[in-house]
Amino acid sequence: MNFFRSGLRFLSHLVFLAFVMSGCNASDEGNVGSKQEGARPAPAVSESKADTVEIKAMKFVPDVVHVSPGTTIVFINNDMVAHDVTEETSKAWSSNLLEPGKSWSMVADKSSDYYCSIHVVMKGKIIVAR
């Protein structure tokens, strides 16, 4: 019986360690606006203005953003599953796969409809007004 308890204790410590370690790389500073394998290039990042769209509960929040030309939009995946962000009409731009906790940014130069190509019911809109 002692062997069984020791095994359970070891397993619980292992699960806890895996949980803690999974959160160690939660920030993705190097990923913002960067190219990764399979990702389409994003427009250059502007340091002047920024807006944030959160991905959570299988939705883009807010689903409509009103920005000025040149505004950086940061998409942050705070959901439990991976998503992407893809321009809907001509696929002019697309993020890499955003695992939970990861982010991607782009500079908005024109109005666009976008969606998650993995979960096509997830849709959003960027309205660029001068």
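The values are calculated or read from the model by the stated rules, or taken from the named source; none is laboratory data. All figures in this text were calculated on a predicted structure; none of them were measured in a lab. Please note: Cβ atoms are built from the backbone with ideal geometry, for glycine as well, and neighbour counts cover all protein chains shown.
For region 111-130, which positions are part of a loop (DSSP other than H, G, I, E, B) and either modelled with pLDDT of 95 or more or touching an Asp or Glu at 6+ places or on another chain (Cβ under 9 Å) (or both)?
Residues satisfying the conditions are S111, C116, S117, I118, H119, V120, V121, M122.
Could you list, in sequence order, all residues of region 94-130 that are surrounded by fewer than 17 Cβ atoms within 10 Å (Cβ to Cβ) and in contact with a Phe, Trp or Tyr (Cβ under 9 Å, 6 or more places away or on another chain)?
Residues satisfying the conditions are V121, K123, K125.
Counting only residues that are closer than 17 Å to D63 by Cα and touching a His at 6+ places or on another chain (Cβ under 6 Å), how many does region 78-117 have?
Total meeting the criteria: 1.
Give region 77-93 a look and list any residue that's touching a Ser or Thr at 6+ places or on another chain (Cβ under 8 Å), surrounded by fewer than 20 Cβ atoms within 10 Å (Cβ to Cβ) and closer than 14 Å to V53 by Cα, or say none.
Applying the first criterion (touching a Ser or Thr at 6+ places or on another chain (Cβ under 8 Å)) to region 77-93 yields 77, 84-89, 92-93.
Those left that are additionally surrounded by fewer than 20 Cβ atoms within 10 Å (Cβ to Cβ): 86-89, 92-93.
Within region 77-93, T86 is the sole residue that qualifies.
Please enumerate the residues belonging to region 87-130 that are within 22 Å of H66 (Cβ to Cβ) and acidic (D, E).
E87, E88, D109, D113, listed by residue number.
Restricting to region 54-101, give me the number of residues that are within 9 Å of the chain's Cα centre (by Cα) and assigned to a strand (DSSP E or B).
Count: 8.
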